[in-house]
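Input: a single structure, listed below in structure tokens.
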Amino acid sequence: MLVRCGAVGDKTAMVEAFIRSCARWALDFALPPRCAGCGTIVAQVHSFCPDCWKQVEFLGNTGCSTCGIPLAATDTDICGACLARPPRIARTRAAVAYGELSRSLAIRLKYGRKVAIARTMARYMAPLVAADGQALLVPVPLHRSRLWRRGFNQSALVARELSRQLRIRAEPMLLRRIRRTPPLKGMSPQQRRKTVAGAFRVRDRSAVAGKTIILIDDVLTTGSTAEACARTLKRAGAARVELVSWARVVKPSQLMR
Ligand SMILES: [Zn+2]
Ligand SMILES: [Zn+2]
């Protein structure tokens, strides 16, 4: 009887989810698409108006072939830092530079659970995912206490949209954040490494072994958190770890390498 009740409950939830997604579809058709930055009506869904477009600095596939940071005049296709000490993340890419507009999108996604924003981000991140169908998309996880408070992980929303667009599997539960970490801002690289060391754990090693894992993040600042994720994934047997984020800090003054 209990089992049957559970099944009925699941069914109701499924029907509700179905109705919700139908309503969303209907809304998408009924309402004209709006700029993800300022909300004015635009011609294409999940895009920016010309004014906002000018404000966004798209990074794409430029920069160091490994870490993606803008190259100095003396570098070839790989930066000095990556040459000296190859990072655990074999390839890092971000759709846009961290700025007023990209920050506002990230904040609205983080606190508003706006699926439309996740879709916009995914649209610009998708071309940067250079993966075969065997790779796994893994969002940088939140600690469960934060997850409970917020109700969702913004990077998991983006990973889900990327998964839909690229037909690559997303595994939002594969990596866990087992320890809460304080904000890393203002710490030295060594302090940051120490703070995030051991903060992550792989739930199922057999799901990771031999795989290419593409970490998905909303904003990439120091890279210490992603490095800690990569270390954990590599220890669990991942063959290769990459990272694709929506925005990244590229201004030398904001860079804390
Ligand atoms: Zn706009
Ligand atoms: Zn580099």
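Some values worked out for this structure:
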{"quantity": "Segment 97-186: proportion of alpha-carbon pairs further apart than 23 angstrom, %", "calculated": "27 percent"}
{"quantity": "Inter-label distance for Thr12 and Gln44, nm, one decimal - labels placed 7 Å from Cα along Cα-to-Cβ", "calculated": "4.4 nm"}
{"quantity": "Within the chain, helix-based [θ] at 222 nm, where runs of 4 or more DSSP H residues each add -39,500 (n - 2.57), nearest 500", "calculated": "-12500 deg cm²/dmol"}
{"quantity": "Percent RCO, i.e. relative contact order, over segment 148-257, from Cα pairs under 8 Å lying at least 6 residues apart", "calculated": "26 percent"}
{"quantity": "For the chain: span of alpha carbons on each principal axis (Å, largest first)", "calculated": "63, 49, 35"}
{"quantity": "R0 of 25 Å, Cβ-Cβ distance Thr181-Lys114: FRET efficiency to nearest 0.05", "calculated": "0.45"}
{"quantity": "Rounded FRET efficiency, nearest 0.05, which uses the C-beta distance separating Arg34 from Ala209 and R0 of 41 Å", "calculated": "0.40"}
{"quantity": "Net charge over other residues, Cβ less than 14 angstrom from the Cβ of Ala126 (K, R count +1; D, E count -1)", "calculated": "+4"}
{"quantity": "Alpha-carbon centroids, segment 74-97 and segment 162-239: separation in whole Å", "calculated": "18 Å"}
{"quantity": "Overall dimensions of segment 23-159 as given by Cα atoms, namely Rg and Dmax in Å", "calculated": "17.3, 54"}
{"quantity": "Mean Cα-pair separation over length for segment 103-202, i.e. relative contact order, pairs under 8 Å, 6 or more apart, %", "calculated": "28 percent"}
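Read the figures in this text as sums done on the coordinates, not as results from a lab. The structure displayed is predicted, hence computed values, not measured ones. All Cβ positions, glycine included, derive from the backbone under ideal geometry; neighbour counts span all protein chains shown.
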